[in-house]
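The values are calculated or read from the model by the stated rules, or taken from the named source; none is laboratory data. A quick note: this is a predicted structure, and the numbers were derived from the prediction, not measured. Using ideal geometry, Cβ is built from the backbone for each residue, glycine included, and neighbour counts are taken over all protein chains shown.
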Amino acid sequence: MKILVVEDEPKLNKGLVIGLQHRGYVVDSAFDGEEGEKMAKVNAYDLILLDVMMPKRDGIEMCKNLRAHGTQTPVLFLTARDAVEDKILGLNFGGDDYLVKPFSFEELVARVRALLRRPHFSNGNVFCWIELQLDTRSRVARIKNKVVNLTLREYDLLEYLLRNKSAVVTREDILTNVWDQFFDSFSNVVDVHLKNLRKKLPKEYAKRIETVWGKGYRLV
C-alpha cells in the first residue's frame, strides 16, 4: 500500500512518514498543495493524507482539483480547524474522512485502515491466486491455510503483482508503487526481492512469476 502525506509542518510530516513506514506502508511526502497535487497526478497512491492549511495551494483546493482531474484516491484531511462547517466543506469537495489536530497516531492508523478497507478501493479484502490467499487487512499470505512468511516488502511486491495479474509490469512500475520516491531507479533491489519471493513460494507458484526479458515481470 502506498500513501502520500501532504503536510507543510516539517516535524509532523516526518513523524507521519516514519510512523506509517514502521506500519509497513510505502510513503511519499510533499510540503505544499502545489507539489502534492503534481505528485498525486503522476503517481498511483492508495491513500492521501492531506493537510488543509498549506502554502501555495490549500488542501481543499488540491482535493477539488484532483477530483476534477478524475483521481479517485481516498483523501483523509488533517486540520486544526474543527468547526462543523469546515468538515462539511472538506467532505463536499471530495474528502473521504476528516481528522482534527492534535490527534493520536493510533487513531490516524485506524482511520487509514478503515479507508483502505472500503470496497470502492480494494474490491474486497482478499486476493486469490490458485490456492494462495492474500489478506489486505491483516497483510498475510496463506496457501492452503498455511502462512507464507514474507517480509513487509515481499508482501507489498506480491500484492502489487496480484493487483496487476497477467499484465507486464516494469521495474520502474514496481519501484514507483512498492518503494518510495527517493529510491535509486538503477538499483537491483527489485530483482533481489523477486528472487527471495520466488524462494519462499512453492515451485508451482514461483515459476508463474515470469520474467519478460527486456520489459519486466508478469504473474500468470
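Observations on the model:
- Selection count, the stretch 10-60, where residues are of a type in the set (Gly, Ala, Ser) and crowded, with 17+ Cβ neighbours inside 10 Å: 6
- Listed here are the helices (runs of 4 or more DSSP H) enclosed by the stretch 1-76 that have at least 1 residues being closer than 23 Å to LEU158 by Cα: 10-22, 33-42.
- Looking across the stretch 90-109, just one residue is polar (S, T, N, Q) and within 23 Å of LYS64 (Cβ to Cβ), and that is ASN92.
- Within the stretch 27-43, residues that are in the same structural domain as LYS64 (by TED's automatic domain parsing) and without any contact (Cβ under 8 Å) to a residue 60 or more places away in the chain have Cβ atoms under 6 Å from residues that are part of a helix (DSSP H, G or I) and among the aliphatic types (A, V, I, L, M) in these pairs: SER29/VAL17; ALA30/MET39; GLY33/MET62; GLY36/MET62; GLU37/MET62; ALA40/LEU66, counting only partners at least 6 apart in sequence or on another chain.
- Looking only at the stretch 163-207, and only at residues there that are at pLDDT 90 or above and not in a helix (DSSP H, G or I), the one that is nearest to ASP46 (Cα to Cα): LEU201
- Any chance VAL147 is in contact with a Lys or Arg (Cβ under 9 Å, 6 or more places away or on another chain), of a type in the set (A, V, I, L, M, F, W, C) and outside the structural domain of ARG23 (by TED's automatic domain parsing): no
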